Amino acid sequence: MTPFLRQEYGNPSSVHQRGQQAEAAVAHARARVADVLGCSPHEVIFTSGGTESDNLALRGTAFAERDRRSATHILTTPVEHDAVLRTADDLVTRFGFELQLLPIDSYGMVSPSDLERAIHPEIALVSVIYGNNEIGTINPIAELGAICMEKGIPFHVDAVQAAGHLPLNVQDLNVNLMSISGHKIYGPKGIGVLYVSADIELVPLLTGGSQEFGTRPGTLNVPSIVGFAEALRIADLDREALAQRVQPLRDRLMQEIPHLIPDSRSVGHPTDRLPHHASFVFRNIESNQLLTGLDLAGFECSSSSACKTGDPEPSKVLQALGLTPDWSSGSLRISLGRANSEQDIDNFLAVLPNLVERLRSAEAMQA
Ligand SMILES: *Cc1c(COP(=O)(O)O)cnc(C)c1O
């Protein structure tokens, strides 16, 4: 990225040589992304990240499909990221769309037969998360996509968390729209991609110039685009090796933590889950206190909703799984990555039970 911040700072829309060099770098990056996704370069739209990609997919398709065939329903799941759920809510409350939620099982997974039952011509688009950020569960995207394709309904997939861990070939997955974000794949923050298949029409969120084939106007963020493409290339290349390394470590966490800690359980699917992802709930624990304690011990973890302000609202995803607040307020998710080792797991398992016990007894003394 550095050359594009220093010397090669041209605007890809400019006619002069420096601009054209930047344009060539963007074209190269777009082609690399298209290679990973198995699509053509003009189906790759660069955005400011996963949130914008999700918004562009939902709003853009909802408005286009309403114009085209008067479809006014959004069909999604109760376990989506807020970038999808709140966008769907906004389309309902401010733009007159209707929301339908697919049922999920106790692991937060959607079933193709439920989609088959729920889908109808009034639906503007279907949006389903690929690998769940809070609970790790993987949805059967290719099967769900085949159903949407047969009915001619656009299918969007939030693959922000899946990228770098699961296959992303859009042909195999039967998807029309797919969101990816840079910072979830060891890339820069504030950059993402929306894959939009050539047969899908989108109403742009922004109006302005003709960048990104008119779908996303605005001068391109060249250094981040170059960084994103390289991060995605490496993440895809490294994907299987990374999974082979971290999955056994993750399995240790999933197996041992519920035994080591009373009133604890894992959440999400035990096997059909992102290979690097472990998630738990602990009864009568405040997850922010748990995260602070873990940080002091050298472990950077997350709770179910990555919310640092102590928003007392429990996670919608954990609620959708039927967890009561005494459980859902004590959530923990652990994402393993390239840097993690067996030793990290040993250390973590040595620290966590005592920390949970300490927090519970402090809580009990206050009460
Ligand atoms: C992080 C995340 C997003 C939002 O992506 P940003 O690039 O942070 O805007 C959307 N969906 C999922 C599943 C995520 O994990």
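Values in this text are rule-based calculations from the coordinates and carry no lab data. Owing to the predicted nature of the structure, the values given are computational and were not obtained by experimental measurement. Note: ideal-geometry Cβ built from the backbone for every residue, glycine included; neighbour counts use all protein chains shown.
Worth a mention:
- When shorter helices are ignored and each DSSP H run of at least 4 residues is given -39500 (n - 2.57), the per-residue value for the chain at 222 nm works out to -14500 deg cm²/dmol.
- Using every pair of separate Cα atoms, the Kirkwood estimate puts the hydrodynamic radius of segment 85-238 at 16.8 angstrom.
- Maximal additional length on extending the Ala297-Thr219 stretch stands at 23.8 nm, based on 0.36 nm per residue less the C-alpha distance.
- Centre separation in Å (Cα based) which lies between segment 125-144 and segment 3-42: 31
- Net charge, Phe155 excluded, C-beta distance under 13 Å - Lys, Arg +1, Asp, Glu -1: -4
- Cα shape, segment 263-303, gyration tensor, a/c 1.5 rule: oblate
- Residue ranges 281-290, 233-242, 41-50 sort as 41-50, 281-290, 233-242 when ordered by packing (mean number of other C-beta atoms within 10 Å per residue, highest first).
- Rule-of-thumb Rg ratio for the chain [Cα; 2.2 N^0.38 Å; N residues]: 1.03
- With respect to the chain, whose longest principal axis is taken over its alpha-carbon atoms, helix 17-37 is tilted by about 60°.
- For the chain, lysine pairs with C-alpha atoms less than 27 angstrom apart, excluding pairs fewer than eight positions apart on the same chain, total 5.
- Segment 1-142 shape via C-alpha gyration tensor axes, a/c threshold 1.5: prolate
- Label-to-label distance for Val15 and Asp251 is 6.2 nm, based on points extended 7 Å past Cα in the beta-carbon direction.
- Extension gain for Leu349 to Glu8 (0.36 nm times residue separation, less C-alpha to C-alpha distance): 118.0 nm.
- Cα gyration tensor shape for segment 134-202, rounded if a/c is under 1.5, else prolate or oblate: oblate
- Distance distribution P(r), segment 13-55, all Cα-Cα pairs, bin width 5 angstrom from 0: 5, 21, 20, 22, 19, 9, 3 percent.
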